[in-house]
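Asks: Structure in C-alpha cells, see below.
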Protein chains: 2
Amino acid sequence: MAAVDSLSASGAKPGFKAIPGIVKDKVVGVAKNASKIGKDDPRKVMHCGKVGLALTLNSLFYYYNPLYDGFGQSGIWAVLTVVVVFEFTVGGTLSKSLNRGFATFSAASLGFGVVYLAQLSGRDEQAMVIGVVVFILAALTTFTRFFPRIKKKYDYGMVIFILTFSMVAVSGYRAEKIMVMSYQRLLTVVIGGATCIIISILVCPAWAGEDLQNLIAGNIEKLAKSLEGFGNAYFCFPDEDDESGVVAKGDDKAYDHQHYKSVLNSKTSEESLATFAWWEIGHGEFRFRHPWKQYLKVGDLARECASHIHALSAYLTSENQAPIEFVKTIKEPCMAMCSESTKALRELSSTLKTMTHPSPAIQTHLQTSKAAIADLRAALQASPAAGAGAGAGADLFSIIPVLAVASILTDIAACVDKISESTEELSVKARFKKPGKADNNSSAPAPAPELQLLHRGTVNPVAEDEGGYAAVAISGTSQDSPEIGNSNPPEDETKKIISKSGEANNIVNKT
Amino acid sequence: MAAVDSLSASGAKPGFKAIPGIVKDKVVGVAKNASKIGKDDPRKVMHCGKVGLALTLNSLFYYYNPLYDGFGQSGIWAVLTVVVVFEFTVGGTLSKSLNRGFATFSAASLGFGVVYLAQLSGRDEQAMVIGVVVFILAALTTFTRFFPRIKKKYDYGMVIFILTFSMVAVSGYRAEKIMVMSYQRLLTVVIGGATCIIISILVCPAWAGEDLQNLIAGNIEKLAKSLEGFGNAYFCFPDEDDESGVVAKGDDKAYDHQHYKSVLNSKTSEESLATFAWWEIGHGEFRFRHPWKQYLKVGDLARECASHIHALSAYLTSENQAPIEFVKTIKEPCMAMCSESTKALRELSSTLKTMTHPSPAIQTHLQTSKAAIADLRAALQASPAAGAGAGAGADLFSIIPVLAVASILTDIAACVDKISESTEELSVKARFKKPGKADNNSSAPAPAPELQLLHRGTVNPVAEDEGGYAAVAISGTSQDSPEIGNSNPPEDETKKIISKSGEANNIVNKT
C-alpha cells in the first residue's frame, strides 16, 4: 500500500505492469523473510507441521464414524483445544493444556452445583439466581487475574474457568442433557490437550528450559565478543606515530562491540522462558525442578554487565579526544582487564552450554584481572599527569574519558566475578557434570568448585531490582587475593599467570 | 503450604488451632493484597464489574425466550466471546474484538468455499480433501505467527482464523444446516464483541494511550526524583568539618534515589500499551492516529537516562573514598547540573501530563546546565589536583570516582537535552496545546516552540537499539549557547537565569 501511495503521490499512475511488479516485490520480500525465520530456527517450521498433525488427528472425531457416533458434535472441542493450547515450546503447551484441563474440570463441577441449586427455586428465579452467581464469580475471577503471581502462571486457566463456568451455568438453564454433553466435552478437551502434549514432547521437542540456558549462555558469549571488540577498537592505535597525538578511534571496528545490545532487552524473553520451563517435565540433564530462578539471576547479572559495556561504547564514539600519551600509560593494565574478563566470560558461557562445573581457568582469569587492577592503580599513582599535565597539555578535564573507561573496566571485572559466583552456585544447584581429567592435572590450579564456593563466603547474587552496581571497586582486590601487599606484581609474574591460564584453557578444551 | 511445611519441619505438629490460624493469615494476606491492587488502580475493580455486566447481558440470549428462539444454542458464542475478548484497556478490547470479528468472518467464508469444493468429490474423498486443506492452512497460518509484525498486532486473529476455519471445514463434513448455524454464530460473536467494545468505551474507559502517556510522564518524574536524591546524598556533607577528610555518604538518604529502577524495566509495558493504543479511536486530546511511536522514543531516552542514574548510584554506595577537598572544588557546578537537569525533567514530565507545548523554562534550565558544564571544565583545569595532589594525598587514582560522577552528570545533562528535543517533536506531532498567556509576558524568555525546534536543526532522537550514549559530551556546550566565549559566567548572572526560569515556571503554572 505504501508503495502504491508513493507512486500516486509522485504523479505516476500505477500501470498494468507496475501493480504486478509491486505484488511480486512484496511476495519476494515475504518469502525471504519466511526463509530467514525457517533457517534461523528450523524447529519453527517443524512446529507448524506438528500443529497441522494434531489438528488432523483430532478431526478424526468427525471423519471417523465410530468416534462421531460416540462423541457427536462435542468432538469439535478437541479441534478447538488443539488450536488454542499448542504452543511452540513444550513448557508453553503443558502450561496451557494443564491450565485448560483443570480449569474446565473445576469450573464445570462448580457450574453443575450452581445449576442444581438454582433448579431448586422456581423457573423464573432460576435465571435470576444463575445470572447473579455468574456475575459475581466472573467479576471475582477477573480480579484474581490482576494478582501478579496468578497472572504469571495461571492467567489462561482463569480465563477458561470463567468461560466454562459461564457456559455450563448459562446453558444449564436450557439443555436437558447437560451432564452427558459436559462429560463429552471434558473428555474431548482432555484428548485434545493430551494429543498436543504427546506430539510436542515426542516430535522434535522445543524445550523452554534448553532455550533459556542457550539464551543466557549466548548472552554471556555476546558480552565477551563486545568487550573484546571494545578493547581492540579503543586501545589499538594503527598509526601510533600520528602527529595529532590524540587517540585514533577504530571506526571500522565499531560493529565488533555491538553484540551486547540484544542482551539489554532480553529480560522479558528470559522470564517467560523460565515460566514455561517451570512446567516442563524432567528431560536429559534437566530435572523436573531445575533451578530456573538461578538462571534468571545469572541473566540479570549478564544484563548488568551489558549496561556497563553500553556505557563503555559511548567513549568509542566520543568526540572528546584523550591525549595519546596518557592513554599509553594505562593501556597495558586496561587491555589485560579487558582480555581476562573476555576469557572468563567465554569460559562461563561454555560452562553453561556444556553443563559442566566451572573450569578452574575462570578463577585464574579473575585473579589475573585483579592483578591488572593493582597495576592500573600503580600506573595512575605514578602517572606524570598527576604531577603536571603530560605531553600534549593533558589536564584533568581532558583525561576524564580515559579514566572513566578504566573505571568502567574495573566495574566490568567485578561484575564478571559476580557472574562467576552465580554460575558456580547454579552449577551446584543444578548438579552440573564434574570435569573429568582436568582435576588430575597438577599444572592447572584446580580447587574443587564446591570448596571454593564455601571459601568465598555466602554468595549473594544481586537481583536486578535490588541492584546497585559494584561501585568503582578498585577496592575490590579482595583480601584473599595473592596480590595483596604486592600491588604491582612484576610483569613476568603476570605473564606467568596468563600462561597458566592458557594451559588451563587448553586442558579444559582437550577434556 | 510453605507455612505448614515449616511447622512440620520444626517438629511442631499443626494442631486444630494452628490450621485455622494459618488459613486466617493466608486469607488476611490475600485480602490485603487485593485491597492494595484496588486502591492503586480503582479502574481494575471497575473492570471486573464491567466483565460481569457484559456477561450477564449476553446471557440474555439464553434467558430471554424470544432471543433463544432466534439464536438457539449459538447464543453461547456471545458469552464465549465476551470472556475471551474483554481486556482491561479499551485498546486491548478493540484489538481482540476486531481481530476475532475479521478472523471469524474470513475463516468462515474460506471454510464454506472449501466444504463446497470438497462436496463436489465423493463422500470418502471429501474427508481426505478437507483433512489435507486443514493441515496445510493450519500449518501456514501457524507459521505467519512467527513474523514479528503479525505477532505484535494480529496474533490473536491468526489463532481465531485457524480455529474458525478448522471448525467450519471439519463440522461442514457433518452438519447439514451449516450455513444457518455459521450465520448465527458470526452474528452472536459480533454482538458479544460489540457489547464489550461499547461497555469498555462508555463505562469508566481505561485508555491504553492515556496509560502510556502517564507511564512515560511518571517515569520522567521518577528520574527527576532520583537525580535530586542523588545530588542531596552525594554532595551534601552534614559534617563538613569531619576530621577524616573524606566524603561522608548520606546513607540515610539512600532510598531517595531508588525511583529510577522501575524505569529500567518498563520497556515491555510501554510497547504493549503503544500497540493497544494504536487500536484506539480518538478521544479527548488524543486523535485517532496519535504519534504513539514518538512516545516510545521519549520512553527509550528516559530509559537511557535511567541507566546513567543507575551508574551514578553505584558511587553513592562505593567504598572508595574521595578526598573531600577535591569534591568541594567541583561541588558547585555538579550540584548546578544536578538541580537544573532535575528541574528540566520535572518540566518535561508536566509537559507530557498536561499535553501543553514545552515551557520555555526548559530551555533556560538546559542552558544553565550547559553553563555549569563550562564551570566544571574551568574548575578542573584550575584544580590543584592537576598540579600536585590536593589536601589529603589526592592522587589520580583516588579522585576517579568523583571525576566519574562529574562525567556521568554531563552525560545526564546531554540525555535530558535529547529528551527535551524528542518531547518537542512529540508536542508538534501530537498538536499539544499552546501555553496561553505566557507568550505575552515579556519577562519570560519565550521563543515560539516551533521556531525553536527549527532553530535547533533536525531532531534525530536516538532509538534504544541504535544506541550509543552521548559520550562525555563536555564538548556538548553547543555553538549557539549564550555562554560561548564566556565559559565561566559570574555567579550573579547564573542566578539571574535561574530566577528567570523560576518566573517562567510560575507563569506556566498559572495559565
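Asks: For region B:269-289 and region B:46-96, what is the centre-to-centre distance using only Cα atoms, to the nearest Å?
Replies: Measuring centre to centre over Cα atoms gives 24 Å.
Asks: Give a quick list of chymotrypsin sites (Phe, Trp or Tyr not before Pro) in region B:20-79 that DSSP marks as loop, anything other than H, G, I, E or B, with at most 15 other Cβ atoms within 10 Å. Provide the component values of the computation, followed by the final result.
Replies: On the way: sites: B:61, B:62, B:63, B:64, B:68, B:71, B:77; in loops: B:64.
Loop-located and lightly packed - B:64.
Asks: From the label point of residue A:291, set 7 Å along Cα to the beta carbon, how far off in nm is each other copy's matching point, shortest first?
Replies: 5.0
Asks: Then there's this: Listed here are the pairs B:96/B:434; A:152/B:26; B:152/B:225; B:50/B:433; A:44/B:261; B:32/B:343; which of them are more than 26 Å apart at the Cα? Please list the in-between numbers first.
Replies: Numbers: B:96/B:434 36 Å; A:152/B:26 20 Å; B:152/B:225 34 Å; B:50/B:433 33 Å; A:44/B:261 36 Å; B:32/B:343 37 Å.
Pairs exceeding the cut-off: B:96/B:434; B:152/B:225; B:50/B:433; A:44/B:261; B:32/B:343.
Asks: Protein chains only, probe 1.4 Å: how do A:174, B:123 rank by accessible area, largest first?
Replies: Details: A:174 40, B:123 125 Å².
Result, largest first: B:123, A:174.
Asks: Also, quick follow-up: So how exposed is residue B:278, as accessible area in Å² (1.4 Å probe, rounded to 10)?
Replies: Ignoring ligands and nucleic acids, residue B:278 comes out at about 80 Å².
Asks: Between copies, how far apart are the residue B:121 label points? List them in nm, one decimal, shortest first, with each point 7 Å from Cα toward Cβ, please?
Replies: The answer, with the shortest distance listed first, is 5.5 nm.
Asks: Let me ask another. For residue A:206, list long-range residues whose amide hydrogen, built 1.01 Å from N in the peptide plane, is under 5 Å from its own amide hydrogen.
Replies: A:90
Asks: A further question on this structure: Please list 3J(HN,Hα) in residue order for region A:197-203, calculated via the Karplus relation 6.51 cos²θ - 1.76 cosθ + 1.60 where θ = phi - 60°; whole Hz, with x for glycine and proline.
Replies: These are the phi-based 3J(HN,Hα) values: 4, 5, 5, 5, 7, 7, 9 Hz.
Asks: Please average, across the residues of A:23-35, the number of beta carbons from any other chain that are within 10 Å of each residue's own beta carbon, and give a whole number. Don't skip to the answer; put the middle values down first.
Replies: Values: counts 0, 0, 0, 0, 0, 0, 0, 2, 0, 0, 4, 5, 0.
Partner Cβ neighbours, averaged per residue: 1.
Asks: Here's a follow-up. Just tell me how shielded B:80-87 is by partners: mean number of partner chain Cβ atoms within 10 Å of each residue's Cβ, no decimals.
Replies: Per-residue shielding by partner chains comes out at 4.
Asks: Once the other residues with Cβ under 13 Å from the Cβ of residue A:408 are scored (Lys, Arg +1; Asp, Glu -1), what is the net sum? Can you show the working numbers first?
Replies: Numbers: positive: none; negative: A:304, A:411, B:411.
With Lys, Arg at +1 and Asp, Glu at -1, the net is -3.
Asks: How much accessible area does residue A:289 have with a 1.4 Å probe, in Å² rounded to the nearest 10?
Replies: In the full protein context, residue A:289 sits at about 120 Å².
Asks: Could I ask something else about it? What are the label-to-label distances in nm, one decimal and shortest first, from residue B:187 to the same spot in the other copies, with labels 7 Å along Cα to Cβ?
Replies: Label-point separations across copies, in nm and ascending: 3.4.
Asks: Can I ask one more? What are the ³J(HN,Hα) values, in whole Hz, obtained from phi via the Karplus relation 6.51 cos²θ - 1.76 cosθ + 1.60 with θ = phi - 60°, for each residue of region A:409-421 in sequence order, with x given for Gly and Pro?
Replies: Going residue by residue, I get 4, 5, 4, 5, 4, 5, 5, 4, 4, 5, 4, 5, 4 Hz, with x marking Gly and Pro.
Asks: Step through the residues of region A:212-229 one at a time and calculate ³J(HN,Hα) from phi using the Karplus curve (6.51 cos²θ - 1.76 cosθ + 1.60, θ = phi - 60°), rounding each to whole Hz and writing x for Gly and Pro.
Replies: Those phi angles translate into 4, 4, 5, 4, 5, 4, x, 4, 5, 4, 4, 4, 4, 4, 5, 5, 4, x Hz.
Asks: Can you give the net charge of the other residues whose Cβ lies under 12 Å from the Cβ of residue A:349, counting K and R as +1 and D and E as -1? Before the final figure, lay out the partial values.
Replies: Details: positive: A:222, A:225, A:343, A:346, A:353; negative: A:221, A:347.
Neighbourhood net charge equals +3.
Asks: Another question, then. Taking each residue in B:424-433, count the Cβ atoms of any other chain within 10 Å of its Cβ, then average. What number comes out? Could the numbers behind the result be given before it?
Replies: Numbers: counts 0, 0, 0, 0, 0, 0, 0, 0, 0, 0.
Mean inter-chain Cβ contacts per residue within 10 Å come to 0.
Asks: What ranking, highest mean first, results for peptides B:154-161, A:206-213 when packing means the other Cβ atoms within 10 Å averaged over each residue? Don't skip to the answer; put the middle values down first.
Replies: On the way: B:154-161: 20.6, A:206-213: 23.1.
Most protected by this proxy first, the peptides run A:206-213, B:154-161.
Asks: Would you rank B:272, B:398 by solvent-accessible area, highest first, keeping every protein chain in place and using a 1.4 Å probe? If you can, show how the numbers build up before the last one.
Replies: Details: B:272 50, B:398 20 Å².
Largest accessible area first, the list is B:272, B:398.
Asks: What accessible surface, in Å², does a 1.4 Å probe find on residue B:125, ignoring ligands, DNA and RNA and rounding to the nearest 10?
Replies: Approximately 100 Å² of residue B:125 is accessible to the 1.4 Å probe.
The values are calculated or read from the model by the stated rules, or taken from the named source; none is laboratory data. Just so you know, these numbers come straight off a predicted model, no measurement behind them. Heads up, the Cβs are rebuilt from the backbone with ideal geometry, glycines too, and the neighbour counts pull from every protein chain shown. For the accessible areas, the whole protein counts, side chains as well, though only heavy atoms, and no ligand, DNA or RNA atoms are used. Shrake-Rupley method; radii C 1.70, N 1.55, O 1.52, S 1.80 Å.
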